[in-house]
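Chemist: Let me begin by handing over the structure; questions about it come next.
The values are calculated or read from the model by the stated rules, or taken from the named source; none is laboratory data. Given the structure is predicted, the values throughout are model-derived calculations rather than measurements. Here the Cβ positions follow ideal geometry from the backbone for every residue, glycine too, while neighbour counts run over all protein chains shown. Quick note on the areas: whole protein, heavy atoms, side chains included, nothing else; ligands and nucleic acids left out. Shrake-Rupley method; radii C 1.70, N 1.55, O 1.52, S 1.80 Å.
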Amino acid sequence: QVQLVESGGGLVQAGGSLRLSCAVSGRTFSSYVMGWFRQAPGKEREFVAAIRRSTHYADSVKGRFTISRDSSQNTVYLQMSSLKPEDAAVYYCAARYSVSVAYSPSAYDYWGQGTQVTVSS
């Protein structure tokens, strides 16, 4: 079993930055693809970024968000810069027990509880 706990959400002005963290416990951290997803009210959960040996980003965040992982801390991060009001959502950390990255939420095996990001204009 894998447990994921997100932190770092909050309120930020448009153009600002936030860093989300996801602490992972349980099975071997390096065996998982780690992903970040987000869900705004009334919308479906959407892919934001993922990492295993390489990084992958949604077009909407490319160049503004950076995903990274610290294996010594069993933690994955999402550094978000140049935030826009449309980035506001609940952000979820997810883990996929596979060597290949996936972009669909249904492909991920474990989820955190989510952390709210609010961007004021």
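Chemist: Write down the accessible area per residue of the stretch 56-121 in Å², having rolled a 1.4 Å probe over the full set of protein chains. Numbers along the way, then the final one.
Modeler: Values: 3200 Å² over 66 residues.
So the stretch 56-121 comes to 48 Å² accessible per residue, rounded to a whole number.
Chemist: Output ³J(HN,Hα) for the stretch 34-40: one whole-Hz value per residue in order, computed from phi by the Karplus curve 6.51 cos²θ - 1.76 cosθ + 1.60 with θ = phi - 60°, and x for Gly and Pro.
Modeler: 10, x, 10, 10, 9, 9, 8
Chemist: Rounded to the nearest 20 debye, what is the charge dipole size of the chain about its Cα centre when +1 sits on each Lys and Arg Cβ and -1 on each Asp and Glu Cβ? Walk me through the numbers on the way to the answer.
Modeler: Numbers: 12 positive and 8 negative charges, 47 e Å.
Approximately 220 debye in magnitude.
Chemist: What size of dipole, in debye to the nearest 20, comes out for the stretch 58-120 about its Cα centre when the only charges are +1 on Lys and Arg C-beta atoms and -1 on Asp and Glu C-beta atoms? Don't jump to the answer; show the numbers that get you there.
Modeler: Details: 5 positive and 5 negative charges, 20 e Å.
Roughly 100 debye for the stretch 58-120.
Chemist: Rounded to the nearest 10 Å², what accessible area does ASP70 have for a 1.4 Å probe in the complete protein model?
Modeler: Roll a 1.4 Å probe over it and ASP70 shows about 50 Å².
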